[in-house]
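A quick write-up on the structure given underneath.
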Amino acid sequence: MGIARNVLELIGNTPMVDISGLSPNPDVAMVLKLEGRNPGGSVKDRVALSLVERAEADGVLAPGSGQVLLEPTSGNTGIGLALVSRVRGYHLKVVLPTNVSIERRQLLEAFGAEIIESPGEEGSNGAVRLALRLAEEHPEWTMLYQYANEANPEAHYRTTGPEVWRDCPEVTHLVSGLGTSGTLLGVGRYLKEQNPAVQVWAVEPPAGERVEGLRNLDDGYVPPIFEQLGGAQLLDRKTVVRPRDSLEATRRLLSEAGLFVGISTGAALAGAMRCAKQIPAGERATIVIISADDGWKYLSTGVWTDDLDIVTKRAENTIYF
Amino acid sequence: MAVEVRLPTVLRSQAGGRSTVSVEGSTVGEVLHALVSAHPGMSEQVLNPDGTLHRFVNVYVNDDDVRYLSALDTPVKEGDEVSILPAVAGG
C-alpha cells in the first residue's frame, strides 16, 4: 500500500477478523468486517463519499464551492459527510436527534458540521421529517438524502460487497444492522449475485418501541431505497435484538476477542448467534458480520464499565444505530 | 391458546396504558384480529382495511419479523411473545 493522496482514498478496504470462538455452533465460523477502520470511524464513510461523488458527477455539487449540504442522520452518516465536506469544500448542516451519544455530537462539531437538533422523542423519523421540511424551505441547500439515494447501496455494491467476496468467498450468511438498509441492499445483492445460496439477515434494535413522539403508526418510516430496490425480496430474515443482548455481546467481543466495537456490532453479533444456532449440526457455514463502527463513540454510555442494568436503561433511550 | 403481545408506546393508550396484553390465537393473524377486536382503537393502526399488515408496522414472533416467516399465517404457540413495533429509520 502506497501513500494516499488524501484521506478519502483511505476509505474502504477494511480488514476482516475471525471470531469463530464466539460462535455457539462448532460447525459455524464467524467473521467480522471492521468498518470502524474507515477514517471517519464508520461504514458510513463509504456512503458519504458515494453520495457526494454522485452529486458531483451529476453537476449538482461543485468541489470547493462552499455549497450547503443538509442531511438527517443519527450520527455516522453525518460524520462521514463532514469528513468528505472538509476535503471537498462544502458546508454541512446535519439534522440530529438530541438523544444520540455525546461523542457523535462532539465528532460532528470537531469536523465542522453545523448541528440542527430534532426532538429526541421523535427518534430518527423526526430528524427525517425536519430535514425534508428544511430542504423545502431552502431550495438552495442540497439534501443528498441517504434514505432515498441509490448512491448509498451502490457504495456497498461497488466496494464492501466485492471486498467481502475477495476476502471470504466461503461466506454462506451475511448479518448486518438495518438503518437506511444501504449496507444490506448493496452487500446482500452483490453476494447473492456471486452465490445465490447466500442468506441475508437483517438485525434491528427495537427503536420504535419507546419512541414517545410518534402520534400514531402512520408516523412510521420505511427508507424509500428499501422499497424501490426490493429490500423485502432480498432479505431472508429480519430479527430484533434488544439492548441488553446487544450490550452483552458488545462486552463479549472485547473480553473474549479483544475487539472494541460499537453497540450496533454487539446487536449484529447477537443476531448472528441466533442465526448460527438455527444451522443444523454438521452443516458447515460461515457468517460474515458487518461491524458498523468501533467503540470510541460509546465510552460515555458506560458499555464496558458500568452496571449492565443501568447501561441497558440508558441504551433504551439512546439511538445507537 | 394465550399469547403475550408486547405493545409499543404509541399503542399503549389504546390498551389502558399496558405494555403487554394477553390474547388468544394460533397464528399471527388470529392474534392480531383478537387484539384489535379487544382494543378497536388499534385496528386502523395495525391492519389495513383488507386485513393485511399496515405498511409502517412490523410484527415479530420471538423477535423474528413475520414478514420473513409466513406473514399473518406464521404459527404461534403457548409461551411465544408477539411484539408490534413501528417502522423507524436509522443511520
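The values are calculated or read from the model by the stated rules, or taken from the named source; none is laboratory data. Predicted, not measured: the structure shown is a model, and the values here were computed from it. Methodologically, a virtual Cβ is constructed for each residue, glycine included, from the backbone with ideal geometry; neighbour enumeration extends over all protein chains shown. In case anyone asks, the SASA skips ligands and DNA or RNA and just uses the protein heavy atoms, side chains included. Shrake-Rupley method; radii C 1.70, N 1.55, O 1.52, S 1.80 Å.
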Residue within the stretch A:234-242 that is among the polar types (S, T, N, Q) and either in contact (Cβ under 8 Å) with a residue 24 or more places away in the chain or touching a helix residue (DSSP H, G or I) at 6+ places or on another chain (Cβ under 6 Å) (or both) present
yes
Looking for something closer than 30 Å to A:ARG129 by Cα, within 14 Å of chain B (Cβ to nearest Cβ), of a type outside the set (Phe, Trp, Tyr) and without any contact (Cβ under 8 Å) to a residue 40 or more places away in the chain - is there at least one such residue anywhere in the stretch A:187-199?
no
Tell me which residues, restricted to the stretch B:41-81, are assigned to a helix (DSSP H, G or I), under 19 Å from B:VAL3 (Cα atoms), touching a residue at least 24 places away in the same chain (Cβ under 8 Å) and under 12 Å from the mean Cα position of the chain (by Cα).
B:MET42, B:VAL46, B:VAL66, B:ALA71, B:LEU72
Assess whether A:GLU204 counts as being acidic (Asp, Glu) and within 14 Å of another protein chain (Cβ to nearest Cβ).
yes
If we scan the stretch A:81-98, do we find a residue that is in a loop (DSSP other than H, G, I, E, B) and within 13 Å of chain B (Cβ to nearest Cβ)?
no
Take A:PRO63 and tell me if it is in the same structural domain as A:GLY258 (by TED's automatic domain parsing) and not in a strand (DSSP E or B).
no
Scan A:GLU109, A:GLU121, A:GLU117, A:GLU163 and give me the residue that is among the charged types (D, E, K, R) and at pLDDT below 95.
A:GLU121
How many residues does the stretch B:16-40 hold that are within 14 Å of chain A (Cβ to nearest Cβ) and open to solvent by less than 40 Å² (accessible area, probe 1.4 Å)?
4
Kindly check whether there is at least one residue in the stretch A:105-115 that is farther than 23 Å from A:GLU316 by Cβ, open to solvent by 10 Å² or more (accessible area, probe 1.4 Å), among the aliphatic types (A, V, I, L, M) and part of a strand (DSSP E or B).
yes
Specify the residue that is most open to solvent (accessible area, probe 1.4 Å); the eligible residues are those in the stretch B:53-81 that are more than 7 Å from every other protein chain (Cβ to nearest Cβ) and under 12 Å from A:VAL240 (Cβ atoms).
B:ASN62
Residue by residue through the stretch A:164-183, note down the ones that are open to solvent by 10 Å² or more (accessible area, probe 1.4 Å) and touching a Phe, Trp or Tyr at 6+ places or on another chain (Cβ under 6 Å).
A:GLY177, A:GLY179
Which condition number does A:ARG54 fail, the rest of (1) under 20 Å from the mean Cα position of the chain (by Cα); (2) modelled with pLDDT under 95 being met?
(2)
Sort out which residues of the stretch B:1-11 are more than 10 Å from every other protein chain (Cβ to nearest Cβ) and not in a strand (DSSP E or B), and write them in order of number.
B:MET1
Would you please list the contacts, defined by Cβ atoms under 8 Å and residues six or more apart or on different chains, that run from a residue in the stretch A:144-161 that is basic (Lys, Arg) to a residue that is surrounded by 24 or more Cβ atoms within 10 Å (Cβ to Cβ)?
A:ARG158/A:SER50; A:ARG158/A:GLY186
How many of the residues making up the stretch A:184-229 are farther than 23 Å from A:SER118 by Cα and open to solvent by 20 Å² or more (accessible area, probe 1.4 Å)?
13
Of the numbered conditions (1) within 30 Å of A:GLU121 (Cβ to Cβ); (2) within 23 Å of the chain's Cα centre (by Cα), A:VAL68 fails exactly one; give the number of that condition.
(2)
Filtering the stretch A:230-281 down to residues that are in contact with a Phe, Trp or Tyr (Cβ under 9 Å, 6 or more places away or on another chain), within 12 Å of another protein chain (Cβ to nearest Cβ), surrounded by fewer than 22 Cβ atoms within 10 Å (Cβ to Cβ) and within 17 Å of A:MET30 (Cα to Cα) yields A:ARG274
Can A:SER124 be described as small (Gly, Ala, Ser), within 14 Å of chain B (Cβ to nearest Cβ) and either touching a Pro at 6+ places or on another chain (Cβ under 9 Å) or touching a residue at least 24 places away in the same chain (Cβ under 8 Å) (or both)?
yes
Could you tell me which of the residues A:GLY21, A:GLY64 is in contact (Cβ under 8 Å) with a residue 12 or more places away in the chain and on the phi > 0 side of the Ramachandran plot?
A:GLY64
